[in-house]
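The values are calculated or read from the model by the stated rules, or taken from the named source; none is laboratory data. For clarity, every value in this text was computed on a predicted model and none was experimentally measured. Ideal geometry is used to build each Cβ from the backbone, glycine not excepted, and the neighbour counts take in all protein chains shown. We work out accessible area using only protein heavy atoms, side chains counted, and drop any ligands, DNA or RNA first. Shrake-Rupley method; radii C 1.70, N 1.55, O 1.52, S 1.80 Å.
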Amino acid sequence: TECGGYIQCSYHGWTFDGKDGTCVEIPQTVIASAAKQTGEAGALSPSPAAVGAKKKREDGTAVAITEAQGMLWISPFMTPLEALAATSEGRLSPPPRVPEIDLPEYKTQIAVRDFPIDWTVLME
């Protein structure tokens, strides 16, 4: 997760607004490169809801997620509001906990993949 409620794919680097699924950054694009050079945010465009527009092809669908112990748990068949209601009604259980993660001696390692290459190398 990123500041401001954004969610970033650790593999592709695409960043989405957690509220509505709007794609706000694609690092391999010319727009993102230009934004980095000028020091501006790498946003592609305002939220479709904010301007009354249709979703773009790169936009995602907002689904319910829960963050627990530094991990994101996804409820892919529920909207955030549906998941909130289901949790309060007891129909959606919290994610399982891994007791070892809460121990003071437990260590995690964060791996960041940041390659100075363009999209043609990363194409799947």
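The helices (runs of 4 or more DSSP H) located wholly in the stretch 19-124 that include 3 or more residues which are at pLDDT 80 or above and open to solvent by less than 90 Å² (accessible area, probe 1.4 Å) occupy 80-88.
Which residues, counting only those in the stretch 6-18, are among the polar types (S, T, N, Q) and surrounded by fewer than 17 Cβ atoms within 10 Å (Cβ to Cβ)? The answer is Q8, S10.
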